[in-house]
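Some notes on the structure that comes next.
Every read-out reported here was derived from the displayed coordinates using simple, explicitly stated rules and does not represent laboratory data. Predicted model only: the values in this text are computed from it and were never measured. So basically every Cβ, Gly included, is an ideal-geometry build from the backbone, and we count neighbours across all protein chains shown.
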């Protein structure tokens, strides 16, 4: 009988996010999940991944490797037919996230409603404050995507034989998913929030107000900074020109310290 245990699916390829990111995610899930799960990593190099992480090779697709990062296109291989047993609940998750609590409700939502669940694109400050002036149609963010294996195979089939030139008008994987997923739905607002858009204050407020731990399931990181940028010693600048800091963020440092190991690389 096929293993129908819910799966967290992640990726490791290239040099962008070393093994420690995947290992920290796995340990955080092991600590916080109250229901059984598997973590499956699609990778071209499994060396250094923690014991207990399942690995699979990336399904083959036509795009030249030099173009993969111009849109994070390998993420579409999560939908390859036969990768996981049809009917398996799957949550595809970036490794550069901070998991704040038990994610079983995400699987419950997925089982109850079906379809593909993805984060609604999180607007920047000006579009959020002045939508009539700076607003634009919101698409999706693929940092956390839920689906039932076997129901979205067409996403990989549409992509498998395409060159970068043929799909680049979608800009990235998440726009491709947004426009082509069957029964696309957005996760409830507040379940996943952006560190740089929701948590960090603009200058000069950022210099005096601490960044509090939010009440969310997952904090996502896109662009800069990365989680490990905020666990360094004091007076090491992180962030963007408008939103930045010079000190560790305590709850992120606690998370990183708790789930990292000296052997991680």
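A few comments on the model shown:
- Least to most buried among 178, 169, 186, 154 (fewest other Cβ within 10 Å first): 169, 154, 186, 178
- Residues 63, 192, 33, 4, arranged from fewest to most other Cβ atoms within 10 angstrom of their Cβ, appear as 4, 33, 63, 192.
- DSSP beta bridges in the chain [antiparallel fraction, %, rounded to 5]: 45
- If you plug the beta carbon distance of residue 55 and residue 246 into 1/(1 + (r/R0)^6) with R0 = 35 Å, you get a FRET efficiency near 0.35.
- With R₀ set to 22 Å, the beta-carbon distance separating residue 112 from residue 85 gives a calculated FRET efficiency near 0.65.
- Max mean-square fluctuation residue, GNM over the chain, Cα-Cα springs under 10 Å, options 209, 237, 250: 209
- Angle between the chain longest axis and helix 19-32 axis [Cα atoms, degrees, rounded to 10]: 90
- Relative contact order (percent, whole number), the chain, Cα cutoff 8 Å, 6+ residue spacing: 21
- FRET efficiency for residue 203 and residue 3, using Cβ-Cβ distance with R0 set to 35 Å, rounded to 0.05: 0.10
- Going from the residue with the fewest nearby Cβ atoms within 10 Å to the one with the most, 145, 97 rank 97, 145.
- Among the listed values [x] 171; [y] 140; [z] 130, the one matching volume of the Cα convex hull per residue in Å³ as calculated from this structure is [y].
- The slack between residue 182 and residue 32, meaning 0.36 nm per residue of separation minus the straight C-alpha distance, is 50.9 nm.
- Between residue 212 and residue 15, the simple spin-label model (points 7 angstrom out along Cα→Cβ) gives 4.1 nm.
- On Cα atoms only, tilt of 250-259 relative to the major axis of the chain in degrees: 40
- When the chain is treated as a GNM with alpha-carbon contacts under 10 Å, the residue of 236, 162, 66 showing the greatest mean-square fluctuation is 66.
- Just checking the listed ones, 92, 56, 230: in the Gaussian network model of the chain with Cα springs under 10 Å, the one fluctuating most is 56.
- Cα-based helix-to-principal-axis angle, 104-113 vs the chain, degrees rounded to 10: 50
- Counting DSSP beta bridges with both ends in the stretch 73-206, the antiparallel % (nearest 5): 75
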